[in-house]
Amino acid sequence: MKTLYLRIVLTTILVMLISSVIAFVLANAYYQFYLKPANDEKITAMAKQIQAFNKRTNDVEFNRYLNSLGNLGYQLFLASENKNGTFYGEEFREKKLETSVVHGVVAGNNYHGIKDFPAKLFITGFFDNDIQNTIGVPVKFQGETQALFIRPNLEVQFGEMRIFFALLLAFTLILSILFVFISTRYIVKPIVTLTEATKTISKGNYKIDLNVNRQDEIGELAGHFAYMAKNLEQLEEMRQEFVSNVSHEIQSPLASIQGFSKTLQSDHITEQQRNQYLSIIESESKRISALSKQLLTLASLDKEEGLLEKSTYDLGEQIKQVLFMTEYSWREKDIAVEMDLPSVYIHADKSLLHQVWSNLITNAVKYTPAGGTLSLHLTSENDRCYIKVQDTGIGISKNDLPHIFNRFYKADKVRNRKEGSSGLGLAITKKIIELHEGDIYAKSELNKGTIFYVEFPRL
């Protein structure tokens, strides 16, 4: 199986090789189209200087001069019209030369073999040790016109440099490949760490320590992964707590039902006691039923997809209807109600928002003592609507306030137990508001009351 490490190594080496080939081809093209004509002109100028010296001197001096040029690192070939000639300096590797070329030079024409040397894809003409890759000029020697062909002897002039550059290229490639292996290991190591972390998480252990201190994309990935693992750990704790709370909430009324059912089987209880026990059983059954309904509601809300059935309706009228439905409870406690509910049309799920207002108003009435006040205010601004539900009830402590929207959280467990609260109402309320892309938060002081603020888009 190909690992990511091997893939990166092979890809990098392949890129290096392809880049080298392309660079060589481009360099060769640069030589063929620019440097070769310039080199031809440079060697031609030197050949003309030799030609001028030939006119000023005799054969002996000229022969000595050619030997000196050969010793200085040039390759020369002096040929008569019948192609018999003499090499000065190192002989050419390729000695094939057309007779017509020699005749043309003897006739007085300069030969530009460097410029006209055929181009090859991977062999730069500058290094071809070929007699055709020369400059030819006519000179007078031994009483006749002969053809002199000249080019630099690169083996003598740049032999050590060629070896140096060859070694430099070889060492560069070797070290580059070595550093690719090392650097790729550095790149891949955090990914291997993340892979091991995923295996650890898959086993249910969310306490991981990645130790990846990098500021690049992989470091960012590791940071997000650690954050995800922490959230998963919290979700797992919440899940276990949720299961524990559900079990507890169900077990308590079931124990009551079982206990009083067993008591009812006795023949030694009065009719009054029987009715009392039956009333308790009915009340506890309603608690289980309400809890089951709320759990089903939460489960459907958690799915979110395709849940909302939006329609356009008057929000102010809806809140008034919910208030009138709870009229008996707040009139019984002689609670004063203040309303500022203008007509505001929204596009939302009417059924779900009905449950939101029902939860908030019911809670406000439940925790407001007799003679208190309940205030409901609705405003609209910039395509958003704002609802405020305020009571003068017992309030919520600063320690409990951040947790009131958590599932099964109860600020006063004893009081909520007596009043049949499951601790799911506000969790359901917050979830519904979030599904409408809104927000809900609360402010409260003990013994002074609580204010719930709700906002969400109108359309």
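Which label belongs to the value computed from this structure, given these candidates for semi-axes √(5λ) of the Cα gyration tensor in Å: [x] 43, 23, 20; [y] 77, 28, 16; [z] 104, 27, 17?
Only one listed value fits the structure, namely [z].
At 1.4 Å probe size, put 433, 18 in order of accessible surface, largest to smallest. Numbers along the way, then the final one.
Values: 433 0, 18 85 Å².
Descending order: 18, 433.
With a Cα-only, solvent-free Debye model of region 1-110, what are the log10 I(q)/I(0) values at q = 0.20 Å⁻¹?
For the requested q values the scattering log ratios are -1.21.
Distance in nm between label sites at residue 337 and residue 203, each 7 Å beyond Cα in the beta-carbon direction?
It works out to 6.0 nm between the two label points.
Assuming R0 = 45 Å, what is the FRET efficiency of residue 217 and residue 292, from their Cβ-Cβ distance, to the nearest 0.05?
Numbers: r = 47 Å, r/R0 = 1.05.
For R0 = 45 Å, the calculated efficiency reads 0.45.
Given the chain, what percent of its DSSP beta bridges are antiparallel, to the nearest 5? The partial results should precede the final answer.
Values: 46 of 52 bridges.
Of the beta bridges lying entirely in the chain, close to 90 percent run antiparallel.
What FRET efficiency do you get for residue 398 and residue 325 if R0 is 45 Å and r is their Cβ-Cβ distance, rounded to the nearest 0.05? Each step should come with its number before you reach the end.
Numbers: r = 33 Å, r/R0 = 0.73.
Once the sixth-power term is evaluated, E becomes 0.85.
What ranking, highest mean first, results for peptides 111-117, 329-335 when packing means the other Cβ atoms within 10 Å averaged over each residue?
On the way: 111-117: 18.4, 329-335: 14.3.
Per-residue Cβ counts within 10 Å, averaged per peptide and sorted highest first, yield 111-117, 329-335.
Provide the net charge surrounding residue 444, with neighbours chosen by a C-beta distance below 11 Å and charges set as Lys +1, Arg +1, Asp -1, Glu -1.
Numbers: positive: 398, 443, 448; negative: 391, 400, 445.
My count for the surroundings of residue 444 gives 0.
At a 10 angstrom cut-off on C-beta neighbours, averaged per residue, how do the peptides 43-55, 364-376 rank from highest to lowest? Walk me through the intermediate numbers first.
Details: 43-55: 15.5, 364-376: 18.3.
Highest-to-lowest ranking by the protection proxy: 364-376, 43-55.
Go through 207/230; 333/388; 350/430; 203/230; 230/430; 42/95 and tell me which ones have a Cα-Cα distance over 18 Å in this structure. Spell out each step's value before the answer.
On the way: 207/230 8 Å; 333/388 21 Å; 350/430 16 Å; 203/230 15 Å; 230/430 23 Å; 42/95 23 Å.
Beyond 18 Å between Cα atoms: 333/388; 230/430; 42/95.
List the relative contact order of region 303-381 as a percent without decimals, with contacts defined as Cα pairs under 8 Å and 6+ residues apart. Can you show the working numbers first?
Values: 95 pairs, mean separation 34.3, N = 79.
After rounding, I find 43 percent.
Would you kindly state how much longer the chain becomes between residue 26 and residue 86 on full extension, computed as 0.36 nm times their sequence separation minus their alpha carbon distance, in nm to one decimal?
Working: separation 60, 0.36 × 60 = 21.60 nm, distance 3.76 nm.
Net length gain for the segment: 17.8 nm.
Nearest 10 degrees is fine. How inclined is helix 4-30 to the longest principal axis of the chain, computing both from alpha carbons?
40
So how much slack lies between residue 98 and residue 441, counting 0.36 nm per residue of separation and subtracting their Cα-Cα distance, in nm?
Working: separation 343, 0.36 × 343 = 123.48 nm, distance 9.84 nm.
Computed gain between residue 98 and residue 441 is 113.6 nm.
Relative to the longest principal axis of the chain, what angle (0 to 90°, nearest 10) does the C-alpha long axis of helix 425-435 take?
The two axes meet at around 40 degrees.
Could you tell me the relative contact order of the chain? Use alpha-carbon pairs under 8 Å, at least six residues apart, and round to a whole percent. Each step should come with its number before you reach the end.
On the way: 576 pairs, mean separation 42.9, N = 459.
For the chain, the relative contact order is 9 percent.
With r defined as the distance between the Cβ atoms of residue 309 and residue 15 and R0 fixed at 41 Å, what FRET efficiency is calculated, to the nearest 0.05?
Numbers: r = 56 Å, r/R0 = 1.36.
Between residue 309 and residue 15 the formula returns 0.15.
The values are calculated or read from the model by the stated rules, or taken from the named source; none is laboratory data. Because the structure is predicted, anything quoted here is derived from the model rather than measured. Every residue, glycine as well, gets a Cβ built from its backbone with ideal geometry; the counts of neighbours run over all protein chains shown. Just the protein is used for accessible areas: all its heavy atoms, side chains included, with ligands, DNA and RNA removed. Shrake-Rupley method; radii C 1.70, N 1.55, O 1.52, S 1.80 Å.
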